[in-house]
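A.B. asks: Sending over a structure as structure tokens; questions will come in a sec.
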Amino acid sequence: MENEKSLFEGKTVLVTGGAGAIGGNLVRRLSDLEAEKIIILDNLSSSYEWNITRAENVQFIHGDILDEEKLKWAFKSKPDIVYHLAAHFANQNSVDNPEKDLMVNGMGILKVLQYAHLVDVERFVYASSGCGIYGLDSKMPFEEHDISIKLYTPYQVTKMIGELYTNYFYNLYGMPIVNARFFNSYGPGEVPGKYRNVIPNFFYWSMNGLPLPITGTGEETRDFTYVGDLVNGLVKMATHENAVGEAINLGAGREIRIIDLANWINELTGNKAGILYKERRDWDKKNRLLSCIDKASNILGYTPQTEFRKGLENTYQWFVENRRNIEKSAEFLHRRGELDQRPRQQVHHTNRERGAARPGQEGSTALLHRQDEQYPRVHSPDRI
């Protein structure tokens with residue numbers, strides 16, 4: 001900690017998307033490390049002012065990365081380090097809004113890189129996506145060299161575009177970039193909503209006594225990575241010289257089944273409503289995700305510290321402590337702008353039926369939910 005403090009002493013750091021879940025936790029860490037100034041540039045499209053870090057060395061600019069005036073304001077202080085976390089997130093959102101996804105994730109990073117080049121930044125860390133870069137042809141566990149262009153959502157495409165742009169600025173201008181490939185972030189700070197990740201949405205529904213929707217069989221796996229571990233990796237990416245020019249996985253290096261995740265959350269919250277099984281979405285082609293973190297270990301000394309169940313407990317505690325704000329901010333809106341609480345017909349299992357037959361299998365003890373039972377009908381949360 002003391003050594004890291006010395007590395008950020010006197011530094012100005014810009015964090016685009018710094019009001020979000022990962023960005024907010026990163027800003028808090030940078031503030032604790034006593035960076036001289038931390039600038040947050042965030043349009044609050046998927047984050048909230050109540051969740052922004054308050055500290056003397058933190059400045060918040062409410063603005064968009066596509067807004068030239070806001071970018072000029074953010075770069076006026078000539079940041080030494082830029083963390084580009086702002087993004088149009090994530091898969092289902094990009095399928096529904098592909099043009100916006102391209103503008104934010106494509107044009108957005110180009111603009112930020114151009115300004116970073118003008119002020120001659122010491123380090124540019126880009127939040128890429130291991131869940132997007134590794135297409136269906138990539139072999140598990142995913143290693144950094146084994147990328148694939150067999151992609152199924154605009155979000156995956158634009159995350160790859162982001163890496164191509166950072167590599168372009170590195171190759172042509174010598175900009176000291178690092179591409180951080182995140183895997184399934186979770187933890188305190190992420191508010192649930194229509195296009196959000198599975199874990200905050202599961203906690204929200206479970207704490208409201210609703211069954212948890214699983215798209216698929218529940219045997220699908222994801223490499224859920226605690227936000228505190230991701231932040232540790234991001235800090236190291238800004239301070240390790242041998243990380244420059246590299247793409248590095250930041251994951252946990254282990255798989256968690258979605259059915260186990262759902263059951264653990266229901267157990268934590270005391271939810272008796274069980275689980276709903278839904279059809280998988282057309283774009284959801286990956287049954288398993290697992291990162292190889294050998295490169296992160298070798299270059300950064302990165303080792304995930306948080307056991308998964310402990311991370312879930314920390315997340316639940318954050319939900320309990322911030323429940324009022326979360327209830328006000330969670331955005332599960334129907335296309336017409338109204339909360340739609342009527343479900344389609346789905347299959348329901350109780351918690352105790354872990355390993356029970358899935359829909360369509362023999363011996364299923366499933367109960368069919370009626371159309372008039374309450375359940376927020378929204379897009380199922382992104383697992384990636």
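A.B. asks: Tell me whether segment 259-268 contains one or more residues that are touching a residue at least 60 places away in the same chain (Cβ under 8 Å), among the polar types (S, T, N, Q) and touching an Asp or Glu at 6+ places or on another chain (Cβ under 9 Å).
C.D. replies: So far as segment 259-268 goes, no, none of its residues is touching a residue at least 60 places away in the same chain (Cβ under 8 Å), among the polar types (S, T, N, Q) and touching an Asp or Glu at 6+ places or on another chain (Cβ under 9 Å).
A.B. asks: Next question, about the same structure. Could you check Ser138 against (1) under 27 Å from Phe332 (Cα atoms); (2) without any contact (Cβ under 8 Å) to a residue 40 or more places away in the chain and say which number it fails?
C.D. replies: Ser138 satisfies every listed condition except (1).
A.B. asks: Of the residues that make up segment 92-112, is at least one touching a strand residue (DSSP E or B) at 6+ places or on another chain (Cβ under 9 Å), more than 29 Å from Lys5 (Cβ to Cβ) and β-branched (Val, Ile, Thr)?
C.D. replies: Yes: segment 92-112 contains one or more residues that are touching a strand residue (DSSP E or B) at 6+ places or on another chain (Cβ under 9 Å), more than 29 Å from Lys5 (Cβ to Cβ) and β-branched (Val, Ile, Thr).
A.B. asks: Looking only at residues that are surrounded by fewer than 24 Cβ atoms within 10 Å (Cβ to Cβ) and under 24 Å from Arg288 (Cβ atoms) in segment 228-247, which one is farthest from the chain's Cα centre (by Cα)?
C.D. replies: Out of the qualifying residues, it is Ala247.
A.B. asks: I'd like the full set of residues that are within 14 Å of Arg123 (Cβ to Cβ), among the hydrophobic types (A, V, I, L, M, F, W, C) and not in a strand (DSSP E or B), limited to segment 152-181.
C.D. replies: Within segment 152-181, Phe169, Met175 meet the criteria.
A.B. asks: Of the residues that sit in segment 1-24 and are under 13 Å from the mean Cα position of the chain (by Cα) and not aliphatic (A, V, I, L, M), which one is nearest to Leu110 (Cα to Cα)?
C.D. replies: The residue in question is Gly17.
A.B. asks: Evaluate the following for Tyr168: is it touching a helix residue (DSSP H, G or I) at 6+ places or on another chain (Cβ under 8 Å) and either farther than 27 Å from Thr306 by Cα or modelled with pLDDT of 95 or more (or both)?
C.D. replies: So Tyr168 fails the test.
A.B. asks: Just checking, how many residues over segment 203-252 are among the basic types (Lys, Arg) and either farther than 30 Å from Pro176 by Cα or touching a His at 6+ places or on another chain (Cβ under 8 Å) (or both)?
C.D. replies: Looking only at that region, the number is 1.
A.B. asks: Taking only segment 182-195 into account, find how many residues are closer than 18 Å to Met160 by Cα and touching an Asp or Glu at 6+ places or on another chain (Cβ under 7 Å).
C.D. replies: Within segment 182-195, residues that are closer than 18 Å to Met160 by Cα and touching an Asp or Glu at 6+ places or on another chain (Cβ under 7 Å) number 2.
A.B. asks: Regarding segment 283-298, can at least one residue be identified that is modelled with pLDDT of 95 or more, of a type in the set (D, E, K, R) and either under 18 Å from Asn197 (Cβ atoms) or surrounded by fewer than 16 Cβ atoms within 10 Å (Cβ to Cβ) (or both)?
C.D. replies: The answer is yes; a qualifying residue exists.
A.B. asks: Among (1) more than 22 Å from Ile161 (Cα to Cα); (2) buried (at least 23 other Cβ atoms within 10 Å of the Cβ), there is one condition Val82 misses while meeting the rest; what is its number?
C.D. replies: (1)
A.B. asks: Being in a helix (DSSP H, G or I), at pLDDT 95 or above and not hydrophobic (A, V, I, L, M, F, W, C) is the filter here, so list the residues in segment 1-34 that pass it.
C.D. replies: Scanning segment 1-34 gives Gly23, Gly24, Asn25, Arg28, Arg29, Ser31, Asp32.
A.B. asks: So, of the residues in segment 166-184 that are of a type in the set (S, T, N, Q) and closer than 30 Å to Ile256 by Cα, which turns out to be farthest from the chain's Cα centre (by Cα)?
C.D. replies: Asn179
A.B. asks: Oh, and also: Quick one: is Tyr195 under 16 Å from the mean Cα position of the chain (by Cα) and crowded, with 24+ Cβ neighbours inside 10 Å?
C.D. replies: Answer is no for this residue.
A.B. asks: Give the residue, chosen from Ser46, Ser94, that is in contact with a Pro (Cβ under 6 Å, 6 or more places away or on another chain), touching a residue at least 60 places away in the same chain (Cβ under 8 Å) and not aromatic (Phe, Trp, Tyr).
C.D. replies: On the way: Ser46 fails: in contact with a Pro (Cβ under 6 Å, 6 or more places away or on another chain).
Only one candidate passes the filter, namely Ser94.
A.B. asks: If only one of Glu122, Glu190 is in contact with a helix residue (DSSP H, G or I) (Cβ under 7 Å, 6 or more places away or on another chain) and among the acidic types (Asp, Glu), which one is it?
C.D. replies: Sole residue among the options that is in contact with a helix residue (DSSP H, G or I) (Cβ under 7 Å, 6 or more places away or on another chain) and among the acidic types (Asp, Glu): Glu190.
A.B. asks: Looking at segment 49-65 only, could you name the residues that are free of Cβ contacts under 8 Å to residues at least 60 places away in the same chain and surrounded by fewer than 16 Cβ atoms within 10 Å (Cβ to Cβ)?
C.D. replies: Once the filter is applied, which keeps residues that are free of Cβ contacts under 8 Å to residues at least 60 places away in the same chain and surrounded by fewer than 16 Cβ atoms within 10 Å (Cβ to Cβ), segment 49-65 yields Glu49, Arg54, Ala55, Glu56, His62.
The values are calculated or read from the model by the stated rules, or taken from the named source; none is laboratory data. None of these values were measured; they are calculated from a predicted model. Neighbour counts run over all protein chains shown; Cβ positions are idealised from the backbone, glycine included.
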